[in-house]
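Student: Pasting a structure below so you can have a look.
The values are calculated or read from the model by the stated rules, or taken from the named source; none is laboratory data. Please read these numbers as outputs of a predicted model, since none were measured by experiment. Cβ sites come from the backbone with ideal geometry, for glycine too, and all protein chains shown count toward neighbours.
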Amino acid sequence: MEQPEPNQPRVLDRADHSISRKRIEENSLKVLYRLRHHGYKAYLVGGGVRDLLLGLTPKDFDVATDATPNQVKKLFRNCFLVGRRFRLAHIRFAGNSLIEVATFRRQATEEDLPDEETEQRFYSENVFGTPEEDAFRRDFTINGLFYDIDSFQVIDYVGGLHDLERKTIRVIGDPLVRFTEDPVRMLRALEFTARLGFKLDHAAREAIFQRAPLIAEAAPARIREELMELFRHKVAGKALQDAQGNGLLRHLIPGFIPGEKTFQLLHAIDRRTVSGVPITESFALAGLYYEEFLAELQTEGPIASALHLARELTDRYGQYFHVANGIRHEARELLIASYRFLRGRGRRGERRFLTHPVTGQALELFTLWAEVSGEHLDLINTWREAISTGPPPSPPPRKNPRRRRRRKPRPPRT
Ligand code: ATP
Ligand code: MG
């Protein structure tokens, strides 16, 4: 019997896999067909193939080809080349749809890199390569599968099909090496484990343990994006709890020491997102620091000290990840609202508070916290009613408008 070549991929014919072209987005198909029509290889790659094989609806469909970016650009009118080091083609279609086309590439070796950059082993330091090399430079085996639009075959160089069957997240190559090259892969490993309900391969888990501190060297902008991905995929609670368990969390968000209820709150936030409420970064940020805020908050103290505390907490994250002021501000409002909720109704400034655009969301967060902690449940209905009825009508204007300004602040009603 003929032995297969050592590097021969496992190939599934059209009849032996579940990918149907009907489930591939129309514009992606157009791109794939046009590339193939012009004699290029055209594969669907990455998460699209993985999710289709799992019977899930892919978030996006990435395309890989042996055409160079310039060759791709010539084929599509609506094509823009992006990326500094490695050029990618973005093809735009009506309705804001965007298809990303990448030329097959491989991980760069030291000889490929300009001298001054040899220290930088960043994952995007890639050069054009073969489909096989392109599969091996990817992060996890289940993310390294290809669907060939010419033969309708699934092509697996990296053992991804086997791991899909065994529901395992396995790093392509040696996890210690691959996490050193790009520490963000550690977070992605936890993300996919949580999203797909898979188990993380033992070697990868061990490697995260060992390489966790390296994540602090990754570009904060990338971590911030992956953190938001956790929230958007409704697995922030699960993945961050996992990150806490294997020592990654304290390097991921420096200075963040969550209490035991924080993870429960994050789970509750994920359930809210599952129910269809879109997650915002300010809500996520407030969720991360809610427990710490409440633990240090003095409800009998002035609002200025609550503000100070909210600022201190959100600025830690905000400065490290360069979060825009508007988002930080909204996160602070979400935190400070809990000060007002806890003090009860009839306090100064209530009229403005009840009509403030963030107050509704703040009550949602407060409600999630109350459910998780079993505290303050009694306050929720009171405030829900107050927000839905709105503030009482303003008193009629006085005759002499000058006299409206009070010299001394009125003592708070109790
Ligand atoms: P989804 O888009 O559903 O979140 P995805 O697998 O498509 O999941 P993307 O972030 O869109 O994830 O990346 C597309 C593909 O690029 C991945 O499937 C993987 O093959 C590769 N990839 C992404 N990030 C890395 C990385 N840090 N190292 C190596 N390969 C990566
Ligand atoms: Mg994707």
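Student: Scanning region 83-109 for residues that are in contact with a Leu (Cβ under 8 Å, 6 or more places away or on another chain) and within 16 Å of ligand 2 (Cβ to nearest atom), which turns out nearest to Asp139 (Cα to Cα)?
Tutor: Out of the qualifying residues, it is Ala102.
Student: Here is a follow-up. Does region 347-369 include one or more residues that are touching a residue at least 12 places away in the same chain (Cβ under 8 Å), farther than 26 Å from Leu227 by Cβ and among the aliphatic types (A, V, I, L, M)?
Tutor: yes
Student: Output the number of residues of region 1-15 satisfying the condition of being at pLDDT 95 or above and either touching a strand residue (DSSP E or B) at 6+ places or on another chain (Cβ under 8 Å) or part of a loop (DSSP other than H, G, I, E, B) (or both).
Tutor: Residues flagged as at pLDDT 95 or above and either touching a strand residue (DSSP E or B) at 6+ places or on another chain (Cβ under 8 Å) or part of a loop (DSSP other than H, G, I, E, B) (or both) within region 1-15 amount to 6.
Student: In region 83-99, what residues are part of a strand (DSSP E or B) and either among the acidic types (Asp, Glu) or in contact (Cβ under 8 Å) with a residue 40 or more places away in the chain (or both)?
Tutor: Ile91, Phe93, Ser97, Ile99, listed by residue number.
Student: Of the numbered conditions (1) in contact with a Phe, Trp or Tyr (Cβ under 6 Å, 6 or more places away or on another chain); (2) surrounded by 22 or more Cβ atoms within 10 Å (Cβ to Cβ), Ala239 fails exactly one; give the number of that condition.
Tutor: Going through (1) in contact with a Phe, Trp or Tyr (Cβ under 6 Å, 6 or more places away or on another chain); (2) surrounded by 22 or more Cβ atoms within 10 Å (Cβ to Cβ) one by one, Ala239 breaks only (1).
Student: Turning to a different aspect of this structure: Answer yes or no as to whether Asp60 is within 12 Å of ligand 1 (Cβ to nearest atom) and among the acidic types (Asp, Glu).
Tutor: Criteria met by Asp60.
Student: Tell me, yes or no, whether region 116-131 has at least one residue that is modelled with pLDDT of 95 or more and of a type in the set (D, E, K, R). Steps first, answer last, please.
Tutor: Our first condition is that a residue be modelled with pLDDT of 95 or more; within region 116-131, this holds for 130-131.
Cutting the leftovers down to of a type in the set (D, E, K, R) gives us none.
Within region 116-131 (the criterion being modelled with pLDDT of 95 or more and of a type in the set (D, E, K, R)), the answer is no, since none of the residues qualifies.
Student: Among the residues of region 31-51, how many are assigned to a helix (DSSP H, G or I) and free of Cβ contacts under 8 Å to residues at least 12 places away in the same chain?
Tutor: Selection size over region 31-51: 2.
Student: Can you work out which of the residues in region 16-30 that are polar (S, T, N, Q) and in contact (Cβ under 8 Å) with a residue 60 or more places away in the chain is surrounded by the fewest Cβ atoms within 10 Å (Cβ to Cβ)?
Tutor: Here is the first cut: in region 16-30, the residues polar (S, T, N, Q) are 18, 20, 27-28.
The next check asks that each one be in contact (Cβ under 8 Å) with a residue 60 or more places away in the chain; those that pass are 27-28.
On the way: Asn27: 17, Ser28: 25.
For region 16-30, the residue satisfying everything is Asn27.
Student: Looking only at region 31-82, count how many residues are crowded, with 18+ Cβ neighbours inside 10 Å, among the hydroxyl-bearing types (Ser, Thr, Tyr) and within 16 Å of ligand 2 (Cβ to nearest atom).
Tutor: 1
Student: Just to be sure I understand the filter: pairs with C-beta atoms under 7 Å, separated by 6 or more residues or on different chains, first member in region 144-171 and closer than 18 Å to Arg105 by Cβ, second member among the basic types (Lys, Arg). Which pairs pass?
Tutor: Sorted first by the residue in region 144-171, then by its partner, the pairs are Gly144/Arg138; Leu145/Arg50.
Student: Tell me which residues, restricted to region 339-388, are of a type in the set (Asp, Glu) and loosely packed, with under 13 Cβ neighbours inside 10 Å.
Tutor: Hits for region 339-388 are Asp378, Glu385.
Student: Same structure, new question: Do you know which of the residues in region 296-316 that are among the hydroxyl-bearing types (Ser, Thr, Tyr) and modelled with pLDDT of 95 or more is surrounded by the fewest Cβ atoms within 10 Å (Cβ to Cβ)?
Tutor: Ser305
Student: Right, something else. Do we have Leu266 as touching a residue at least 12 places away in the same chain (Cβ under 8 Å) and in contact with a Pro (Cβ under 9 Å, 6 or more places away or on another chain) here?
Tutor: Values: touching a residue at least 12 places away in the same chain (Cβ under 8 Å): yes; in contact with a Pro (Cβ under 9 Å, 6 or more places away or on another chain): yes.
So Leu266 passes the test.
Student: Exactly one condition in (1) at pLDDT 95 or above; (2) away from ligand 1 (no atom under 14 Å from the Cβ); (3) under 23 Å from Thr68 (Cα atoms); (4) among the aliphatic types (A, V, I, L, M) is false for Ala216; which is it?
Tutor: (3) is the only condition that Ala216 fails.
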